[in-house]
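The values are calculated or read from the model by the stated rules, or taken from the named source; none is laboratory data. Keep in mind that what you see is a predicted model, and the values were worked out from it rather than measured. FYI the Cβ positions are ideal-geometry reconstructions off the backbone, even for glycines, and counts take in every protein chain you see. The area values use the complete protein model at the heavy-atom level, side chains included, leaving out ligands, DNA and RNA. Shrake-Rupley method; radii C 1.70, N 1.55, O 1.52, S 1.80 Å.
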Amino acid sequence: MTTIIDTHAHLDQLEDIPGALQRASEAGLSDIIAVSVDLGSMQKLLDLAPNYKEPRIHVGLGIHPGMVKPEEQQAAFDFMRANVKKARAIGETGLDYWYKWVRKDEVERQKQKDSFQFHLELGREFDLPVIVHSRGAWRDALAMAIESKTKRVLFHWYSGPVDILDGILKAGFYVSTSPSVAYSPESQRAMVHAPLERILIETDSPVTYRDGESSFQAEPRDVTRTWKALSRLKGIDEEKVLEQVNGNAKQFFGI
């Protein structure tokens, strides 16, 4: 059976984790990058990961930009540093200027930047890949990633401007796409522009996506939807696409 890798899932947020992982295994998934969003999810994922071998679960330790909380930030940073050798990646981290409380508040933006900077420095120090959320803040996120000199950076579910995508690619970084690549003009434009050699695929489970006139709440097995939609968009044979994106993921995450 062909194997496949979901490079971005919030496993701790799924209602039926054992069931979702069983269905993922049956769909041919070999590995899942389980990203965290705050201190609680980091703890939960580190407890969860050793209990599953098919698919293998690799933990990303991080604080989502929408979850930056000054009152627990130091405790979260201390936890990340204490457990960094158990991690496969740093993230989800980054910047998000679309939140109403951030959009016009420079103080709130700076809180996100301070958190993101810590993640970038930790990734560089321990030579771990950094998974970046950059919604509405693509230019600032790229500038910070380049300045940090972190080697492996992934702009997950990239749907931003093409000129910034060119900067991401020039820096040697990667982008990923989600099931939205089946219908989102922004996702499609980015993935048409990006070379397959720099693309990873994901679900961002449990996000809800469109499916024609209906919708579905994603779980890791739905990475097959991303793969097939990307293949159609690129006009490249499905097996060739899967071989390349799997190879990209293995190289990027060291799995």
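Details
- Principal semi-axes in Å for region 170-215 [√(5λ), Cα gyration tensor, largest first]: 22, 12, 7
- Over region 1-63, the hull volume per residue, using the convex hull of the C-alpha atoms, is 64 Å³.
- Residues 176, 30, sorted by accessible area with the largest first, give 30, 176 [1.4 Å probe; ligands and nucleic acids excluded].
- Remark: C-alpha extents of region 164-255 on the principal axes read 38, 28, 25 Å, sorted largest to smallest.
- Theoretical gain in end-to-end length, residue 23 to residue 101 [0.36 nm per residue, Cα-Cα removed]: 24.3 nm
- Note on region 122-191: Cα-Cα pairs beyond 15 Å make up 49% of the total pair count.
- Given R0 = 41 Å, the distance between the Cβ atoms of residue 84 and residue 213 translates into a calculated FRET efficiency of 0.35.
- Accessible surface area normalised per residue over region 1-101 is 44 Å², counting heavy atoms of protein chains with a 1.4 Å rolling probe.
- Dipole check for the chain: with +1 at the C-beta of Lys and Arg, -1 at the C-beta of Asp and Glu, and the Cα centre as origin, the magnitude is about 520 Debye.
- Each of residue 151 and residue 240 was given a label point 7 Å from its Cα along the Cα-to-Cβ line. The distance between the two points is 3.1 nm.
- Seen from a random direction on average, the alpha-carbon convex hull of region 1-107 projects onto 7.7 square nanometres.
- Secondary structure note: in region 147-239, about 45% of the DSSP beta bridges are antiparallel.
- Here's how it looks for residue 153: its modeled amide H is under 5 Å from those of 130, 174, which are all 5 or more places away or on a different chain.
- When both bridge partners sit in the chain, DSSP labels roughly 15% of those beta bridges antiparallel.
- Using a probe radius of 1.4 angstrom, the carbon and sulfur fraction of the accessible surface of the chain is 47%.
- Residue among 18, 89, 41 farthest towards the positive dipole end of region 1-101, charges placed on Cβ: 89
- Alpha-carbon spread of region 69-227, three principal axes, descending order, Å: 45, 36, 32
- For region 28-67, the convex hull spanned by the alpha carbon atoms encloses 54 Å³ per residue.
- When only the Cβ of Lys, Arg, Asp and Glu is charged (+1, +1, -1, -1), the dipole of region 89-194 relative to its Cα centre reaches about 140 debye.
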